[in-house]
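Structure record follows, encoded as structure tokens.
The values are calculated or read from the model by the stated rules, or taken from the named source; none is laboratory data. Everything numeric in this text was worked out from a predicted model, so none of it was measured. When we count neighbours, we look across all protein chains shown, and the Cβ atoms used for this are built from the backbone with ideal geometry, even at glycine.
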Amino acid sequence: MGVDIAIEGLTKSFGKQLIWGDVTLTIPAGEICVMLGPSGTGKSVLLKTLIGLIKPERGSVFIEGTDICNCSERELYEIRKLFGVLFQDGAMFGSMNLFDNVAFPLREHTKKSETEIRNIVMEKMDLVGLVGMETKLPGEISGGMRKRAGIARGLVLDPEIVLFDEPDSGLDPVRVAFLNQLIVDLNAQIDATFLIVTHDINSTRTVPDNIGLLYHKHLAMFGPREMLLSSEEPVVRQFLNAQRVGPIGMSEEKDADQLAAEKDMDLPPLPPIPLQLEPSNGIPRRSQRPPGEWCRENGVTPPPGSFQPDAVLAGGA
Amino acid sequence: MSSITSAKVLKPIGTAGSLFAFGLDVGRGLFRRPFQLREFIQQAWFIASVTIVPTALVAIPFGAVIALQVGGLIKQFGAQSFVGSASVLAVVREAGPIATALLVAGAGGSAIAADLGARKIREELDAMMVLGIDPIQRLVVPRVLAAMLVSVFLNGLVSVVGVAGGYVFNVILQHGTPGAYLASFTALAQMADVWQGLVKALIFGLIAAIVAAYKGMNAGGGPKGVGDAVNESVVITFLLLFIVNFVLTAIYFQLVPSKTG
């Protein structure tokens, strides 16, 4: 059914370098969230903190009443069974073929018979379109296939929370589109909580229910997609529309001179908010909200041309 | 400023501490079920396959050198009848465990460090932990046990090949008498020497595998990190093994009195 993740006052630094400080947000149960941020803002570190691979200096992450950051090793291994995680390169076990890779969690954690395992594995392989590749080793297939195999392995234990670490990096646009559709369909099917870490703007505009933006060592904003996509906040606006004008520079922050030079420049108008990607069977997801609802409730006028069917294509520009 | 210096000075102590903590984790993992029998057998076979031939090749000249050295020296004392005994003593007590240690660390340990290091940077170890499986119990424990088992067998191999090599050199090159070589075997050497050789090999295998696994699992920074981890693991293992060997030998001489005549 999906469970929520309550993050409170999370702070992490490596040595003297602060990665991010005082991050507080709640990732709602059953919804798709995207965590955005410029390169090197510790998005992957945040993801690894959520599964207890990295211990933060301060703060807590509550999942089903257990604090991931301050619990025993044993509890941690128990709570991790709720997770399915897709790592950047799939992180397939190099010594096993794809079938054994996907079957691995089942063989380790359940007492299912080989026939049952085979059925589950083949079902997940079918889901990610890898039927016929079971006997291949991870070294013999392309990066995109490894990613999809990683998704299949992450899903075999029917997770409550699915984390994606840059599912779209290094993939061509067509595969990214398929992958996004797959994510939406999966969410409709298993109702788990999804958290995607990415910096692909196109996916961010169309896939999630909520968007968060990590910038300059803190969480700049987190909220429903329409809130961020219609936001006039300079950082959010610059990042979500991939513009050069704004507070983000090539190296983290721009200096005062640059900002002063940009002061009189007109910001380009906000592009229209595209429609959210629907599950391919057309039945809306449980957590999906009608387009424009948030804007109406909060008295925000969406940019002209928003929520038009053809805006899906225009949105990525 | 002073804090930076103290941090630098204390760093090796911290590393030694975390290596020791890792060793304890492995010790705890030993008793956790299910035991990974398949992984253990695969690893034992793998380590044996990369070490057997080099070990045998090292053992022959090792035994021969000892035979040459001792043979020349002992002739000056006029005690040729003890050549066999001295050769056995040197090979079984010292050369066996040390040659084993070098090969287990150099061939077996480096393979373990490279394997685990590659898994670490490909995020396989993270993935395993996230799937709720402890890599120490799943991967490290079988490797440590396999390295210990193979060390013990290699020690036997070195002893046999070394003594045989010594025999060949003594009898053929130095014109010693075969009978004297064989008959003096038990003059100075005793059964306890064989046991201490085995115990040493067991401990060396343990240290080599734990250091290699620790370094591999803490590799970082891409492919170069793996190379560094392998390099460091071999160097650290060598250092540790020679120190531990000295300590064990000293203890052995305290516990077991030497045989006289």
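Filtering region B:205-261 to residues that are among the polar types (S, T, N, Q), assigned to a helix (DSSP H, G or I) and either in contact (Cβ under 8 Å) with a residue 24 or more places away in the chain or under 17 Å from B:GLY109 (Cα atoms) (or both) leaves B:ASN231, B:SER233, B:THR237, B:ASN245, B:THR249. Find the residue count for region A:63-87, including only residues that are in contact with a strand residue (DSSP E or B) (Cβ under 6 Å, 6 or more places away or on another chain), more than 8 Å from chain B (Cβ to nearest Cβ) and part of a strand (DSSP E or B). Number satisfying all stated conditions: 4. Would you confirm whether or not region A:204-218 contains a residue that is surrounded by fewer than 19 Cβ atoms within 10 Å (Cβ to Cβ) and either closer than 24 Å to A:PRO272 by Cα or touching a His at 6+ places or on another chain (Cβ under 6 Å) (or both)? The answer is no, given that none of the residues of region A:204-218 is surrounded by fewer than 19 Cβ atoms within 10 Å (Cβ to Cβ) and either closer than 24 Å to A:PRO272 by Cα or touching a His at 6+ places or on another chain (Cβ under 6 Å) (or both). When B:VAL144, B:VAL130 are checked against the criterion of being farther than 24 Å from B:GLY84 by Cβ and under 16 Å from the mean Cα position of the chain (by Cα), B:VAL144 stands alone in meeting it. With the structure loaded, tell me whether A:GLY21 is part of a loop (DSSP other than H, G, I, E, B) and more than 10 Å from chain B (Cβ to nearest Cβ) or whether it fails that test. No.
Among the residues of region A:23-39, is there at least one that is modelled with pLDDT of 85 or more, more than 25 Å from A:MET227 (Cβ to Cβ) and crowded, with 19+ Cβ neighbours inside 10 Å? Looking through region A:23-39, none of the residues is modelled with pLDDT of 85 or more, more than 25 Å from A:MET227 (Cβ to Cβ) and crowded, with 19+ Cβ neighbours inside 10 Å.
Listed here are the residues, each with its yes/no results for (1) under 30 Å from A:ASP165 (Cβ atoms); (2) touching a Gly at 6+ places or on another chain (Cβ under 9 Å).
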{"position": "B:ILE74", "(1), (2)": "no, no"}
{"position": "B:GLY78", "(1), (2)": "no, no"}
{"position": "B:PRO97", "(1), (2)": "no, yes"}
{"position": "B:LEU102", "(1), (2)": "no, no"}
{"position": "B:GLY109", "(1), (2)": "no, no"}
{"position": "B:ALA113", "(1), (2)": "yes, yes"}
{"position": "B:ILE121", "(1), (2)": "yes, yes"}
{"position": "B:MET129", "(1), (2)": "yes, yes"}
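Against the criterion of being modelled with pLDDT under 85, closer than 23 Å to B:LEU125 by Cα, buried (at least 16 other Cβ atoms within 10 Å of the Cβ) and away from chain B (no Cβ under 14 Å), A:GLY2 does not qualify.
Scanning region A:297-317 for residues that are over 16 Å from A:LEU270 (Cβ atoms) and more than 22 Å from the chain's Cα centre (by Cα), we see that the one that is modelled with the highest pLDDT is A:GLU297. The combined condition, being β-branched (Val, Ile, Thr), free of Cβ contacts under 8 Å to residues at least 60 places away in the same chain and closer than 30 Å to A:SER44 by Cα, is fulfilled by B:ILE133. The set of residues in region A:68-97 being without any contact (Cβ under 8 Å) to a residue 60 or more places away in the chain and in contact with a Pro (Cβ under 6 Å, 6 or more places away or on another chain) consists of A:CYS69, A:GLY94. Scanning region B:112-127 for residues that are within 22 Å of the chain's Cα centre (by Cα), buried (at least 24 other Cβ atoms within 10 Å of the Cβ) and within 13 Å of chain A (Cβ to nearest Cβ) yields B:LEU116, B:GLY117.
Filtering region A:157-175 to residues that are of a type outside the set (Phe, Trp, Tyr) and touching a residue at least 60 places away in the same chain (Cβ under 8 Å) leaves A:LEU157, A:PRO159, A:GLU160, A:ILE161, A:VAL162, A:LEU163, A:ASP165, A:GLU166, A:PRO167, A:SER169. Cβ-Cβ distance below 9 Å, separation of 6 or more or different chains: which pairs start in region A:191-203 with a residue that is farther than 16 Å from A:GLN288 by Cβ and end on one that is basic (Lys, Arg)? So the pair list comes out as A:VAL197/A:LYS43; A:THR198/A:LYS43; A:HIS199/A:LYS43. Hey, could you check region A:58-67 for residues that are in contact (Cβ under 8 Å) with a residue 40 or more places away in the chain and more than 18 Å from A:LYS43 (Cβ to Cβ) and say which is farthest from the chain's Cα centre (by Cα)? Here the answer is A:ARG58. Whether a residue is assigned to a strand (DSSP E or B), touching a residue at least 12 places away in the same chain (Cβ under 8 Å) and out of contact with any Cys (no Cβ under 8 Å at 6 or more places or on another chain) was assessed, and A:LYS12 passes this test. Evaluate the following for A:GLY90: is it assigned to a loop (DSSP other than H, G, I, E, B), within 14 Å of chain B (Cβ to nearest Cβ), in contact with a helix residue (DSSP H, G or I) (Cβ under 7 Å, 6 or more places away or on another chain) and at pLDDT below 85? Yes. In region B:175-199, the residue that is nearest to B:ILE251 (Cα to Cα) out of those that are free of Cβ contacts under 8 Å to residues at least 24 places away in the same chain and within 28 Å of the chain's Cα centre (by Cα) is B:TRP195.
The set of residues in region A:133-149 being out of contact with any helix residue (DSSP H, G or I) (no Cβ under 6 Å at 6 or more places or on another chain) and farther than 12 Å from A:ASN97 by Cα consists of A:SER142, A:GLY143, A:MET145, A:LYS147, A:ARG148.
Could you grab me the full set of residues in region B:73-85 that are aliphatic (A, V, I, L, M) and modelled with pLDDT of 80 or more?
Answer for region B:73-85, where residues must be aliphatic (A, V, I, L, M) and modelled with pLDDT of 80 or more: just B:LEU73.
Of all positions in region B:69-79, at least one carries a residue that is under 25 Å from B:LYS200 (Cα atoms) and part of a helix (DSSP H, G or I).
To keep it simple, each residue is scored yes or no on (1) at pLDDT 80 or above; (2) more than 30 Å from A:GLN17 (Cβ to Cβ); (3) not polar (S, T, N, Q).
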| residue | (1), (2), (3) |
| --- | --- |
| A:ALA220 | yes, no, yes |
| A:GLY223 | yes, no, yes |
| A:SER231 | yes, no, no |
| A:VAL235 | yes, no, yes |
| A:LEU259 | no, no, yes |
| A:LEU275 | yes, yes, yes |
| A:PRO284 | yes, yes, yes |
| A:CYS295 | yes, yes, yes |
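Residue count for region A:45-69, restricted to those that are under 24 Å from A:PRO208 (Cα atoms) and surrounded by fewer than 17 Cβ atoms within 10 Å (Cβ to Cβ): 2. Restricting B:ALA250, B:ALA209 to those that are among the hydrophobic types (A, V, I, L, M, F, W, C) and within 30 Å of B:ASP115 (Cα to Cα) reduces the list to B:ALA209.
Of the residues examined, B:VAL104 is not one that is within 23 Å of the chain's Cα centre (by Cα), farther than 18 Å from B:GLY165 by Cα, more than 14 Å from every other protein chain (Cβ to nearest Cβ) and modelled with pLDDT of 90 or more. Among the residues of region A:95-116, those that are facing chain B (nearest Cβ under 8 Å) and at pLDDT below 85 comprise A:GLU108, A:HIS109.
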